[in-house]
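Note sheet for the following structure.
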Amino acid sequence: MGSAGTVVRLPVGSVGIDRSATIAPQAAELSSLGYRFAIRNVGLPGGSTNGVLTASEAQTILGAGLALGLYQTYRNTGVTAAQGLTDGEFIAEQAQSFGFPIGQGMALWCDLEGTFDVPAETLIQYLTNWTVAVTNLGYVPGLYNGPQSLLSASQVGALPFKAFWQAASLVPAVPDGYQMYQLNPANTMVAGINVDVDVVQQDFGGGWPTFWQG
């Protein structure tokens with residue numbers, strides 16, 4: 001599928017949702033309720049395809065007037081430096097296949113959360129290589145900072161991501177601040193489905209999160 005539409009930065013205060021399962025049947029209602037964007041999951045290479053975004057759903061979401069973002073679900077097993085490249089390439093290649101514009105500042109999000117059984121240095125290498133792969137394929141690497149067992153606030157803040165997204169859970173601040181935050185509590189019932197609600201803001205450097213808009 002070729003790229004169509006544009007990359008947008010929605011106004012500060014714009015409200016959207018993220019979800020690990022399809023929202024295709026609810027996309028039009030979400031838009032009518034005032035939600036401006038949806039961030040959907042692509043999964044991991046070789047992992048379950050249950051609930052992951054499809055090209056058809058992407059077009060339904062865009063057609064409903066919602067801007068679209070993409071995240072990759074967390075990995076807390078099999079974490080290696082090489083896997084970081086593989087996982088980053090996977091989300092970027094999925095984005096390309098859906099038609100997400102390339103080289104226009106479109107952010108792709110890495111989900112960091114969970115309990116890890118590797119040294120902190122290994123997780124840092126994994127995440128760093130994830131950013132390299134995403135950048136090399138024409139996208140901007142963003143990090144969803146969720147509750148996790150291994151990295152300190154300073155280590156998270158030093159990672160080479162260009163944008164940060166704050167989980168609804170209690171997570172530490174990062175030096176550049178967050179471009180988006182989840183509202184607490186998570187798993188809110190909207191349009192008959194459980195979603196996490198997110199709000200756009202500027203980070204301390206003046207950065208906004210980016211979305212694909214049809």
Against the conditions (1) polar (S, T, N, Q); (2) closer than 20 Å to residue 165 by Cα; (3) at pLDDT 95 or above, where does residue 76 fall short? Just the number, please. (3)
Filtered residues of the stretch 11-44 (kept if among the acidic types (Asp, Glu) and within 14 Å of the chain's Cα centre (by Cα)): 18
A careful count of residues in the stretch 122-165 that are open to solvent by 20 Å² or more (accessible area, probe 1.4 Å), in contact with an Asp or Glu (Cβ under 9 Å, 6 or more places away or on another chain) and part of a strand (DSSP E or B) gives 3
Meets criteria (of a type in the set (Val, Ile, Thr) and in contact with a Gly (Cβ under 9 Å, 6 or more places away or on another chain)) for residue 49: yes
Are there any pairs with C-beta distances below 6 angstrom linking a residue in the stretch 48-60 that is within 16 Å of residue 18 (Cβ to Cβ) to a residue that is open to solvent by 40 Å² or more (accessible area, probe 1.4 Å), with the two at least 6 apart or on different chains, and if so which? 51/20; 57/22
Do any residues in the stretch 187-214 that are without any contact (Cβ under 8 Å) to a residue 12 or more places away in the chain and at negative phi have Cβ atoms under 9 Å from those of residues that are part of a strand (DSSP E or B) and not polar (S, T, N, Q), where the two are at least six apart or on different chains, and which pairs are they? 188/17; 188/195; 188/196; 188/197; 189/195
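The values are calculated or read from the model by the stated rules, or taken from the named source; none is laboratory data. Values in this document were obtained by computation on a predicted structure and should not be read as measured data. Backbone-built Cβ (ideal geometry, glycine too); neighbour counts: all protein chains shown. Ligands, DNA and RNA are stripped out before the accessible areas are found, and what is left, the full protein with its side chains, is counted by its heavy atoms. Shrake-Rupley method; radii C 1.70, N 1.55, O 1.52, S 1.80 Å.
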